[in-house]
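The values are calculated or read from the model by the stated rules, or taken from the named source; none is laboratory data. Predicted, not measured: the structure shown is a model, and the values here were computed from it. Every residue, glycine as well, gets a Cβ built from its backbone with ideal geometry; the counts of neighbours run over all protein chains shown. Each accessible area value is taken on the protein alone, full model and side chains, heavy atoms only, with ligands, DNA and RNA left out. Shrake-Rupley method; radii C 1.70, N 1.55, O 1.52, S 1.80 Å.
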Amino acid sequence: MSDTATAMSNKNAGDDQPPAKQAKVTAAPANDANDAAMPDIRVAIVGVGNCAKSLVEGVQYYVENPHDQVGLMYPDIGGYTAKHLKFVVGFDIDERKCGRSLAEALRAKPNCAMDHVPEITETSVPAAARVHRGPTLDGIAPHMTQYPVDTTFKESGDKPVTLDEATEILQREKVDVVINYLPVGSHEASAFYVDAAVRARCHFVNCIPTFISTKEAKALEQRFIDAGLTIVGSDMRSAWGASRVSEVLQGAMLDSGLMVTQHIQMNMAAGTTQGHETQRTGRTANTDFLNMAKQDRLHSKHVSKENVLKGQNVVRDTSTAGMTLFAGPSLTVQQKPGGTYLGSDNKVANFDIVAYGFGGARYELTARLSVQDSPNSGGVVVSAIRFCKVAAELGIVGFLRGASAWTQKTPPLQMRTGDAKFECDALSRRQLTDLTRAQLKENTPVADTLPYTFQSDTLDYE
Ligand SMILES: NC(=O)c1ccc[n+]([C@@H]2O[C@H](COP(=O)([O-])OP(=O)(O)OC[C@H]3O[C@@H](n4cnc5c(N)ncnc54)[C@H](O)[C@@H]3O)[C@@H](O)[C@H]2O)c1
């Protein structure tokens, strides 16, 4: 195994060791000589949890191992590579993270995602990058206080920053892009950081299921258009996660003329297939899954996940009425009291699909996908940040429809997989398309007249 492969340690990942990487090593970006001329993209992280840890460490890994591009969908977006991403500031509410350096906070409990580098260095996180105490608002669900402290959030007693102070910090740190990594259900807290980002003139990547109804998304988009900013959202999907698998299967079956009558996607953290491991090691879910262990907290995620499936029908003008459709975080096996917490970022998705085809013949498809949850999300956010910056340089404002459809579960406009990729490919080459041309600032776009897939913020059976 090469040095680069051994550098990618995986000490928390149990059996899920990465395969030998030597067979997959590809060439460094063609424009390696030119990319030093590009400016850095300065990023603020809201919610210094597992996804943030994976993103930052993954970026450092790719900078330090430029000949390994495995896992990067876009090594180069408009001239920007991993080396241009600098994580300059964080906001959190946990006493183990607030007031610390960003590098220290990323490795603090309850974060449990795998390590991609031996230590977080100044490669992508300047030494001066700090984590500020943000307002808690609805960031911590009441049930989260009932878990052992190493597995859950621990609220800091420090005074939270005000909106003016958060805005001033973003301006002072010259932040280009704000990433929202708050827990699911953080609607008020998300609104706070949207306000700060718009006031500080920062682009925004909304990785969580907030502002997902068409009505909310349009209002949000108009604010970013008015401020001359770009936004990617909402609710990130992973590079190769349950959403991508469901979307591709659903789309391919419909395109093959089948009638899909059932599509169930069950997601588990330390679920049935991990039961014995849980008993032996005390492993449990990451905080994302613990947060969603209560129905009221996971509602927006549930809606957003089902939007992925419905979207593939909507873009083909095929009704989902009468279809058994379920996609959601459905099971979180909690740690028994007294166990030693090791943490697990492992997520298992089971798919159960029924369809009818030629002459009424029945098809049944079951599949199982086991992933490391947080690195999987880093694989799309590393692109979303650069799409925001490149689109802004091209003069585009508002939601990036292609990049959102490719990287998020509830984009403003659902697309066929290939169409979303086409839009991203064009943006990565700094080329406009019919969709993005309509959103040039000079064309004074209005959210109400831009294309949207209708989405409510409730489930079909509510
Ligand atoms: N593959 C994935 O992991 C994936 C995919 C899609 C979406 N998401 C979403 O991304 C978000 C982040 O996921 P994660 O696994 O990093 O979660 P996490 O629980 O590890 O991190 C959340 C962080 O937010 C902090 N926080 C809570 N309230 C806050 C507030 N008011 N202000 C600032 N910080 C606050 C917590 O202390 C914690 O550090 C979640 O909403 C998750 O559902 C994750």
- Item | J(HN,Hα) series, segment 118-133, from Karplus relation 6.51 cos²θ - 1.76 cosθ + 1.60, nearest Hz, glycine and proline x | x, 8, 7, 10, 6, 3, 10, 10, x, 4, 6, 5, 10, 10, 9, 7
- Sum of -39500 (n - 2.57) over DSSP H runs of 4+, divided by residues of the chain (222 nm, nearest 500): -10000 deg cm²/dmol
- Query: Hey, can you rank 225-235, 60-70, 437-447, 98-108 by average C-beta count inside 10 Å, highest first?
  - Reply: 225-235, 98-108, 60-70, 437-447
- Expressed as a fraction of 2.2 N^0.38 Å, the rule-of-thumb size for a compact globular protein of N residues, what is the C-alpha radius of gyration of the chain? 0.93
- Under 20 Å Cα to Cα from K97, which aspartates and glutamates show up? Leave out anything in the same chain fewer than 8 places away. E57, D115, E119, E122, D138, D150, E155, D158, E165, E173, D288, D345
- For segment 94-162, what does the alpha-carbon gyration tensor say about shape, rounded, prolate or oblate, given a ≥ b ≥ c as the root eigenvalues, a/c under 1.5 as rounded, and a/b over b/c as prolate? oblate
- Item | Shape category assigned to segment 79-132 from the gyration tensor of Cα positions, a/c cut at 1.5 | oblate
- Query: For segment 165-226, what % of the accessible area comes from carbon and sulfur atoms, probe 1.4 Å?
  - Reply: 50 percent
- Item | All lysines inside 28 Å of K218 as judged from Cα atoms, apart from same-chain residues fewer than 8 positions distant | K174, K301, K305, K310, K389, K409, K421, K441
- Item | Whether segment 168-230 is rounded, prolate or oblate, judged on the alpha carbon gyration tensor where a/c under 1.5 counts as rounded | oblate
- Query: Tell me, what HN-Hα J-couplings in whole Hz come from the Karplus equation 6.51 cos²θ - 1.76 cosθ + 1.60 at θ = phi - 60° for each residue of segment 309-325, using x for Gly and Pro?
  - Reply: 5, 4, x, 5, 6, 4, 5, 9, 6, 10, 6, 9, 4, x, 8, 7, 10
- Surface accessible to a 1.4 Å probe, M323 within the full protein complex, Å²: 30 Å²
- Query: Sorted by packing (mean other beta-carbon atoms within 10 Å per residue), highest first, where do 246-253, 158-165 land?
  - Reply: 246-253, 158-165
- In Å², what does the accessible area per residue of the chain work out to with a 1.4 Å probe? 40 Å²
- Which percentage, to the nearest 5, of the DSSP beta bridges contained in the chain is antiparallel? 45 percent
- Cα-Cα longer than 25 Å, checked against K154/K294; K83/K154; K109/K159; K109/K347, kept in input order, equals K83/K154
- Could you sort 363-374, 210-221 so that the peptide with the highest average Cβ count within 10 Å comes first and the rest follow in order? 210-221, 363-374
